[in-house]
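Chemist: Structure in structure tokens, see below.
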Amino acid sequence: MGKFKNKLAAFFYGRYGNDTLNTVLTGIYLSWLITFSIIDIFVSSIVFSIVGWVVTVALFAWVMFRMMSR
């Protein structure tokens, strides 16, 4: 377990991690996810579902990319 912990620490060394903008983006992502999930229950449109989930995945990818960037 110690080797894994050291490798993980070496991977994250020099990375930005979480900052204020990333915290705001995470809040936007979570509020979008909850709002979209509730609306998706009542709207039975496949186009709405696809577009909504693409936006959800894109927001999540952006948050993770910013967190892992140097």
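Chemist: How many residues are open to solvent by 70 Å² or more (accessible area, probe 1.4 Å) and part of a helix (DSSP H, G or I) if we restrict to segment 1-18? Explain how you work it out, then say what you get.
Modeler: Step one: list which residues in segment 1-18 are open to solvent by 70 Å² or more (accessible area, probe 1.4 Å), which gives 1, 3-8, 11-13, 16, 18.
Retained after the next criterion (residues that are part of a helix (DSSP H, G or I)): 3-8, 11-12.
Summing the residues that are open to solvent by 70 Å² or more (accessible area, probe 1.4 Å) and part of a helix (DSSP H, G or I) in segment 1-18 gives 8.
Chemist: Here is a follow-up. Could you list, in sequence order, the residues of segment 17-30 that are within 10 Å of the chain's Cα centre (by Cα) and of a type outside the set (A, V, I, L, M, F, W, C)?
Modeler: Pass one, segment 17-30, residues within 10 Å of the chain's Cα centre (by Cα): 22, 25-30.
Scanning segment 17-30 gives N22, T26, G27, Y29.
Chemist: Right, another one. Please state which one of L59, L30, L25, L21 is free of Cβ contacts under 8 Å to residues at least 12 places away in the same chain and either assigned to a helix (DSSP H, G or I) or touching a Gly at 6+ places or on another chain (Cβ under 6 Å) (or both).
Modeler: Numbers: L59 fails: free of Cβ contacts under 8 Å to residues at least 12 places away in the same chain; L25 fails: free of Cβ contacts under 8 Å to residues at least 12 places away in the same chain; L21 fails: free of Cβ contacts under 8 Å to residues at least 12 places away in the same chain.
Going through L59, L30, L25, L21 in turn, the sole match is L30.
Chemist: So, one more: Going through segment 31-43 one residue at a time, which ones are surrounded by 13 or more Cβ atoms within 10 Å (Cβ to Cβ) and either of a type in the set (F, W, Y) or under 13 Å from the mean Cα position of the chain (by Cα) (or both)? Please lay out each step first, then the result.
Modeler: First, pick out the residues of segment 31-43 that are surrounded by 13 or more Cβ atoms within 10 Å (Cβ to Cβ): 32-33, 36, 40.
W32, L33, F36, listed by residue number.
The values are calculated or read from the model by the stated rules, or taken from the named source; none is laboratory data. Here the structure is a predicted model, which means the values were calculated and not measured. Cβ sites come from the backbone with ideal geometry, for glycine too, and all protein chains shown count toward neighbours. Please note that ligands, DNA and RNA were not included when accessible areas were found on the heavy atoms of the full protein model with its side chains. Shrake-Rupley method; radii C 1.70, N 1.55, O 1.52, S 1.80 Å.
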